[in-house]
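Please treat every number below as a calculation from the coordinates, not as lab data. Only a predicted model underlies this, so the values are computations on that prediction, with no experimental measurement involved. When we count neighbours, we look across all protein chains shown, and the Cβ atoms used for this are built from the backbone with ideal geometry, even at glycine.
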Amino acid sequence: MSFDLDISGLSGSAELQCDSETLVFGVDEAGRGPLAGPVVAAAVALCKPRPAGLDDSKKLTAKRRAELDISIRRRCAWAVGVVDVEAIDRINILAATMLAMTQAVERLSRALGHDPKTVLIDGNMTPRGRADGWRWDGRAIVGGDAIEPAISAASIVAKEWRDRIMLEAAGQHPQYGWERNKGYGTRDHMAALAEHGPCPMHRRSFAPVSQMVLL
């Protein structure tokens with residue numbers, strides 16, 4: 001399944017800290033846990049002044065998150081990495097997440113013309129040694145999406161980007177209710193899996209789906 005979406009952008013009028021001696025990227029992912037759909041990572045270099053109200057995307061209302069996503073992508077420098085279901089099933093979800101982060105940072109580095117001084121990553125691990133091509137200094141921060149503004153921005157962009165993918169996929173596979181559950185294993189999604197079986201967007205390496213395949 002392909003999605004006709006740009007994967008990176010640069011701010012127009014906002015001032016960016018793009019000096020390689022001071023440049024910091026924030027990185028976060030969306031979609032490690034769902035039973036269907038890709039995993040998405042975003043990398044963001046914040047503009048000045050940065051958008052007000054940045055926070056962990058899960059703590060924001062859908063309306064506020066959508067507003068901030070637009071503001072971040074219009075005013076800041078950003079990029080996303082998307083790893084599809086086939087790759088998730090082939091290399092596992094952790095490796096796929098690390099790959100998506102690497103893709104996002106590589107695309108943003110290319111767009112800006114140089115590498116960041118450091119990359120702040122939400123969670124307890126970085127892609128170093130876990131994804132080919134990772135070459136940057138990175139620091140993992142547990143709960144970073146709530147305390148580091150650049151990571152907060154990345155969490156918002158990644159979440160909104162993946163939600164758009166799942167809304168598009170819901171139009172092609174309406175029986176699973178992805179416009180509501182975004183591919184997570186909710187009661188209605190599990191009931192639809194039991195009735196219809198999995199589709200090509202489902203992760204067959206995930207136990208609830210693999211069990212359905214074996215039935």
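What ranking do MET98, MET125, MET166 get, fewest neighbouring Cβ atoms within 10 angstrom at the top? Let's see the in-between values first.
On the way: MET98 27, MET125 14, MET166 24.
Placing the least packed residue first, the sequence is MET125, MET166, MET98.
Please give me the summed charge of the neighbours of GLY197: other residues whose Cβ is under 15 Å from its Cβ, Lys and Arg +1, Asp and Glu -1. Don't skip to the answer; put the middle values down first.
Values: positive: ARG203, ARG204; negative: GLU195.
Neighbourhood net charge equals +1.
Using only alpha carbon pairs under 8 Å that are at least six residues apart, calculate the relative contact order of the chain and give it in whole percent. Could the numbers behind the result be given before it?
Details: 439 pairs, mean separation 60.2, N = 215.
About 28 percent, as a whole number.
Using DSSP, restrict attention to beta bridges with both residues in the chain and report what percent are antiparallel, rounded to the nearest 5.
Of the beta bridges lying entirely in the chain, close to 70 percent run antiparallel.
Take each complete run of DSSP H in the chain, measure how far its Cα atoms stretch along the helix's own axis, and keep only those covering 30 Å or more with mean Kyte-Doolittle hydropathy at least -0.5; list them. Mind dumping the intermediate values first?
On the way: long enough: 149-172 (35 Å, 0.12).
Flagged H segments are 149-172.
How would ARG180, ARG187 line up from fewest to most surrounding beta-carbon atoms within 10 angstrom? If you can, show how the numbers build up before the last one.
Working: ARG180 12, ARG187 9.
Lowest count first: ARG187, ARG180.
Over the chain, what per residue volume does the convex hull of the Cα atoms give, in whole Å³?
On the way: hull volume 24.7 nm³, N = 215.
Cα convex hull per residue, to the nearest whole number: 115 Å³.
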